[in-house]
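The values are calculated or read from the model by the stated rules, or taken from the named source; none is laboratory data. None of the values given here were measured: they were computed from a predicted structure. No Cβ is skipped: glycine too gets one built from the backbone with ideal geometry, and neighbour counts run over all protein chains shown.
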Amino acid sequence: MKGRMQVCSQPVQLGWRLACLAGYAVCIFTLSSIPGQALPSVHISDKLIHAGIFGLLGLLLCRALSPQLPTWRPSRIALLSLLLTIGYGATDELYQLFVPARSAELADLIADGIGAALAVWGWQQGAARWTWLR
């Protein structure tokens, strides 16, 4: 037993992936609920922030969907993850219409989609080489 790495069972591993995905989605929703005047000032483009946040969401979706859809090619999982991420970004932008001093911007949704597309493309390329990324 010495030197052997213990591997989680698939249901446990899937549970962790889904928990991380759900927790991250709640974090995005919580951050979107902050009124505009209470947001901290940052010195980088908010579009880069959107791309990073939704890129990570797309990656988490790929990792959560992969064991659920074992017969699907990685390209199909990547496409589904991209579409779901863009859908979540669209609902997030609509939600911000109802938050004081916040607005919905098409440019934010485009940044969400670009970040998600880059992340799921990276996952698709990496999953072919590194099985731990699946």
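Some values worked out for this structure:
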item	result
Search result, residues across the stretch 73-113 that are within 17 Å of HIS50 (Cα to Cα), hydrophobic (A, V, I, L, M, F, W, C), modelled with pLDDT of 95 or more and surrounded by 14 or more Cβ atoms within 10 Å (Cβ to Cβ)	LEU82, LEU83, LEU84, ILE86, ALA90, LEU109, ILE110, ALA111
Residue tally, condition part of a loop (DSSP other than H, G, I, E, B) and either acidic (Asp, Glu) or closer than 26 Å to GLN10 by Cβ (or both), over the stretch 71-118	4
Positions within the stretch 111-132 being under 18 Å from the mean Cα position of the chain (by Cα), farther than 23 Å from VAL26 by Cβ and touching a residue at least 24 places away in the same chain (Cβ under 8 Å), in sequence order	ILE114, ALA117, LEU118, TRP121, GLY122, GLN124, ALA127
So ALA116, is it touching a His at 6+ places or on another chain (Cβ under 7 Å), under 30 Å from TRP16 (Cβ atoms), surrounded by 14 or more Cβ atoms within 10 Å (Cβ to Cβ) and aliphatic (A, V, I, L, M)	no
Only listed residue being exposed (fewer than 15 other Cβ atoms within 10 Å of the Cβ) and in contact with a helix residue (DSSP H, G or I) (Cβ under 7 Å, 6 or more places away or on another chain), chosen from LEU48, LEU21, LEU69	LEU69
Some residue of the stretch 62-70 being over 17 Å from the mean Cα position of the chain (by Cα) and part of a loop (DSSP other than H, G, I, E, B)	yes
Residue in the stretch 27-40 that is under 20 Å from GLY122 (Cα atoms), at pLDDT below 95 and hydroxyl-bearing (Ser, Thr, Tyr) present	no
In the stretch 82-92, the residues that are in contact (Cβ under 8 Å) with a residue 40 or more places away in the chain and within 11 Å of the chain's Cα centre (by Cα)	TYR88
Tally, over the stretch 37-58, of residues that are among the small types (Gly, Ala, Ser) and either in contact with a Ser or Thr (Cβ under 8 Å, 6 or more places away or on another chain) or closer than 21 Å to SER81 by Cα (or both)	4
Subset of the stretch 60-76 (residues that are within 18 Å of TYR24 (Cα to Cα) and not aliphatic (A, V, I, L, M))	CYS62, ARG63, SER66
